[in-house]
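Report on the structure given below.
The values are calculated or read from the model by the stated rules, or taken from the named source; none is laboratory data. Just so it is clear, the structure is predicted and the values come from calculations on it, not from any experiment. Here the Cβ is made from the backbone with ideal geometry for all residues, glycine too, and neighbour counts use every protein chain on show. Only protein heavy atoms, including side chains, enter the accessible area calculation; ligands, DNA and RNA are left aside. Shrake-Rupley method; radii C 1.70, N 1.55, O 1.52, S 1.80 Å.
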Amino acid sequence: MDMEEDAVEASIEEFEEAGKIGARVREESRQLINIGEGVLDIAETIEGMIREEGAKPAFPVNVSINNIAAHYTPEFEDKAVVGERDVVKIDLGAELNGAISDTAYTIDLSGEHGKLVEASEKALERAIGMMKPGVAIGEIGAAVEEVIRGYGFKPIANLTGHRISTGMLHTGIDVPSIKTDDPYELQVGEIYAIEPFATDGKGFVSDMEQVEIFSLYMPGRLRMRESRKLLNYIISNYGMLPFAERWLLKEFKSKLLLKNALKEMLRMQVIKAYPVLKEAGGGLVSQTEHTVVIDEGGARVLTKE
Ligand code: CO
């Protein structure tokens, strides 16, 4: 999508369609999460399923395992496989003419962390059940926190849901998983991705050094020819949506030139990095997510089949 298309708002029907695609792919993808399965295969298969539905991945599919909470997408030629005791979170999204859906689930392969998974699922249910026009964002966080603490776990305080708009995954309005005094009130027609994270660790995430996901930040001056070429590629293929280094490595022949171009773009703040996020206490993390629209009477789930 180019920058001009961003000015055109996607219709609610397009958001509904993006939501249905997200839901179908989410449900079909569950069968891929098996012991010994390669994480790269999982991510690329899911991204392929989104494309087969006529949409694009709204962001690189996240396959975040155990104490990795979010922003892990496999690297180019990633060799990691799903382990027999892993808690695997799959976070995926579909983009259709600027309309975006975002949805996630957790698979507990050992079967020993059912309550952890249930905590994030029930917290999401509670949040959606109370969302309607006029409800303050801080109240939703309080409810999410109460449900997760009720299970004996902690919500992750520095990971939030987010308002979505046409071509934008994060509009700057966040929905916390903890009680806050944020007075912002939900309004009719707004679209939100709600994603409670629960953990048996410290309840917050910290950045790792590894970065696999980036997005355009502010177009600016770039010295290197390769950087300018990369910028044009990013603008025309991803717009403001996040992309994976893995995706670029398929298009740009030289790994070294690409790495240097990304470095210059980061230094010049033309792109921003989303470091892999790890639970600060090394705790296991679960996540459940839906995209909803605020109707007059309440929140309606878009990521359902
Ligand atoms: Co998500």
Restricting to the stretch 88-121, count the residues that are within 16 Å of the ligand (Cβ to nearest atom) and either among the acidic types (Asp, Glu) or without any contact (Cβ under 8 Å) to a residue 60 or more places away in the chain (or both). 5
Among the numbered criteria (1) modelled with pLDDT of 95 or more; (2) touching a Phe, Trp or Tyr at 6+ places or on another chain (Cβ under 9 Å), which single criterion is violated by LEU169? (1)
Residues that are in contact (Cβ under 8 Å) with a residue 60 or more places away in the chain, within 21 Å of VAL211 (Cα to Cα), open to solvent by 30 Å² or more (accessible area, probe 1.4 Å) and more than 13 Å from the ligand (Cβ to nearest atom): does the stretch 43-65 have at least one? no
It is to be established whether one or more residues within the stretch 173-187 are closer than 29 Å to LYS263 by Cα, buried (at least 17 other Cβ atoms within 10 Å of the Cβ) and not basic (Lys, Arg). yes
Among the residues of the stretch 74-85, are any in a strand (DSSP E or B) and either under 16 Å from the mean Cα position of the chain (by Cα) or of a type in the set (Phe, Trp, Tyr) (or both)? no
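Can you pull out every residue in the stretch 191-209 that is part of a loop (DSSP other than H, G, I, E, B) and aromatic (Phe, Trp, Tyr)? Steps first, please.
Of all residues in the stretch 191-209, those part of a loop (DSSP other than H, G, I, E, B) come to 195-196, 200-204.
Scanning the stretch 191-209 gives a single hit, PHE204.
Scan the stretch 45-63 residue by residue and report those that are farther than 17 Å from ILE35 by Cβ and not in a loop (DSSP other than H, G, I, E, B).
At the first step, the residues of the stretch 45-63 found to be farther than 17 Å from ILE35 by Cβ are 46-62.
Hits for the stretch 45-63 are ILE46, GLU47, GLY48, MET49, ILE50, ARG51, GLU52, LYS56, PRO57, ASN62.
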